[in-house]
Number of protein chains: 2
Amino acid sequence: MKHFSELTPSAERVLDAAQSLLQQRGYSGFSIDDVAKDVGIRKPSVHHHFATKAELVATIVQRYAHRFEAELARIEAEQAAAPDRLAAYAGLFARTFADERRLCVCGMLGAEADALPAEVVLGVERFFAANVDWLARVIAHGQRNGLVRRKPGARELASMVFGALEGAMVLGRGMQTAAGPKEVGHTLLSLVLA
Amino acid sequence: MKHFSELTPSAERVLDAAQSLLQQRGYSGFSIDDVAKDVGIRKPSVHHHFATKAELVATIVQRYAHRFEAELARIEAEQAAAPDRLAAYAGLFARTFADERRLCVCGMLGAEADALPAEVVLGVERFFAANVDWLARVIAHGQRNGLVRRKPGARELASMVFGALEGAMVLGRGMQTAAGPKEVGHTLLSLVLA
DNA sequence: GTCTATATTGTGATAGAC
DNA sequence: GTCTATCACAATATAGAC
């Protein structure tokens, strides 16, 4: 598979359009032709950049995960205290959702996992693990400093926080009045602080 | 749309097979022919019971929501204390997930909402609202008795708990080592109790 | 990098017989 | 309630020209 950093500008436009469709409709819910129409080209031109749909989506996941991990690094650099890091983390989900109520790329794909090519599922697994690992580290740090409650372990809290934010995006789309990731982020924070 | 209580045994077999496929692969991820194959009949026989795919899935949602609400009523009858009711509630999600790592029907459909017929989305919205309403009532009751913490309001806690359990199912499929709804249920309970 | 044209398969849905 | 046969179209993907 191509690495996303070697993409031409045309390939990036294809990737952007496909990611948006993926976040709105899921892997099985959009076609190569949908992508082509959004970009303003024809189907075979999409295949010129990405031979198969699986490769296209695997590249989306790769780029998405890379960008996300860069955001995590930025948060750690900018925020020193665990509560501030957690608040900024929730903000990442809120920002994605604020843009046309888009779902997390990997949240969507995780739900569909059984219907996906193996190379896509692998990228999703890595993204999930990276998130839980990062959260567990931040939470453990906060627990040592007495800023985060100690009772459920760092890893249990991390899984719960990550899942709650992913779940909040799903609820937010299915239900107009539901709390989105922004509101759930606040609720989580007040529960998790010592 | 037909009501699920008037279904013939053959129609119920079709509905069962379709629901399983829906929970594993999503609305766009299974076809009428997939359903037919699982039941052991041909495509037109599926259409004989449900004229369109939209009607088939809308009926699944209707039946699923009805059964779920019956479970909620049973929990309220069997468990008097809010913490026990919440634990039993989380158990509903754990039980679904324990069966072949199936997703909640409406969790799956909520993620796909943008690609779905209106009659399906309407059923999903109703299911979400029923869950948050029920949880908010149970939590408010627990707050009055001093068994549930008072700080985030009942409705905020309810949205968070529901979303966390839905999210845990998504994580559980995408990531082998992740906490499923069972583990997340325990974490949630220990956070929410006073 | 993009196109037209095409192959192949899958899709939801219908007609009409048994 | 189920079937065969069929329709109209949409899907992923490829060949080969410009």
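Values in this text are rule-based calculations from the coordinates and carry no lab data. This structure is a prediction, so every number in the text was calculated from the model and none was measured. Don't worry about glycine lacking a Cβ; one is built from the backbone with ideal geometry, like all the others, and counts go over all protein chains shown.
Residues of B:103-111, mean number of Cβ from any other protein chain within 10 Å of their own Cβ, rounded to a whole number?
The mean count of partner-chain Cβ atoms within 10 Å per residue comes to 6.
With only the Cα atoms considered, segment A:1-51 has a convex hull volume of 76 Å³ per residue. Other protein chain C-beta atoms within 10 Å of residue C-beta, averaged over A:22-34: 4. Each Cα pair under 8 Å and six or more residues apart adds its separation to the average, and for chain B the resulting relative contact order is 22 percent. Legend: mean number of C-beta atoms from other chains within 10 angstrom of residue C-beta atoms, peptide B:149-160, equals 5. Percent of Cα-Cα pairs more than 34 Å apart in the protein assembly as shown, please. It works out to 29 percent of all Cα pairs.
Calculate how steeply helix B:82-98 sits against the longest principal axis of the alpha-carbon atoms of chain B, using the helix alpha-carbon long axis, and give the answer as 0 to 90 degrees to the nearest 10. Orientation of helix B:82-98: about 30 degrees from the principal axis.
Computed about the Cα centre, the dipole magnitude for the protein assembly as shown is approximately 680 debye when only Lys and Arg (+1) and Asp and Glu (-1) carry charge, each at its Cβ.
Across segment B:3-10, computed HN-Hα scalar couplings (Karplus, 6.51 cos²θ - 1.76 cosθ + 1.60, θ = phi - 60°) run 8, 5, 6, 9, 7, 6, x, 5 Hz from first to last residue, x flagging Gly and Pro. What separates the B:SER10 label point from its copies, with the point 7 Å along Cα to Cβ, is 5.4 nm, written shortest first. Distance between the pseudo-spin-label points of B:LYS2 and B:GLU69 (7 Å out from Cα toward the beta carbon): 2.1 nm. Applying the Karplus relation 6.51 cos²θ - 1.76 cosθ + 1.60 with θ = phi - 60° to segment A:183-189 yields 3J(HN,Hα) values of 5, 5, x, 5, 4, 4, 4 Hz, where x marks Gly and Pro.
Taking springs between alpha-carbon atoms closer than 10 angstrom, which of B:LEU86, B:LEU116, B:LEU15 fluctuates most in the Gaussian network model of chain B? The residue that fluctuates most here is B:LEU116.
Charged neighbours of B:THR52, selected by a Cβ distance under 14 Å, balance to +1 (K, R count +1; D, E count -1). Summing Lys and Arg as +1 and Asp and Glu as -1 over all other residues whose Cβ lies under 12 Å from the Cβ of A:MET175 gives a net charge of 0. The residue among A:LEU122, A:PHE93, A:VAL138 whose Cα reaches farthest toward the positive pole of the charge dipole of segment A:59-192, with charges on the beta-carbon of Lys, Arg, Asp and Glu, is A:VAL138.
What angle, in degrees between 0 and 90 and rounded to the nearest 10, separates the Cα long axis of helix B:53-78 from the longest principal axis of the Cα atoms of chain B? The helix B:53-78 is inclined about 30 degrees to chain B. Projecting 7 Å from Cα along the Cα-to-Cβ direction, the label point of A:ARG74 sits 4.9 nm from its equivalents in the other copies, listed shortest first.
If you line up the long axis of helix A:118-144 against the longest principal axis of chain A, both from Cα atoms, how many degrees apart are they, to the nearest 10? Approximately 20 degrees, to the nearest ten. Inter-copy label distances at B:ASP33, using a point 7 Å along Cα-to-Cβ, come to 1.7 nm with the shortest given first.
Rounded to the nearest 20 debye, what is the charge dipole size of chain B about its Cα centre when +1 sits on each Lys and Arg Cβ and -1 on each Asp and Glu Cβ?
360
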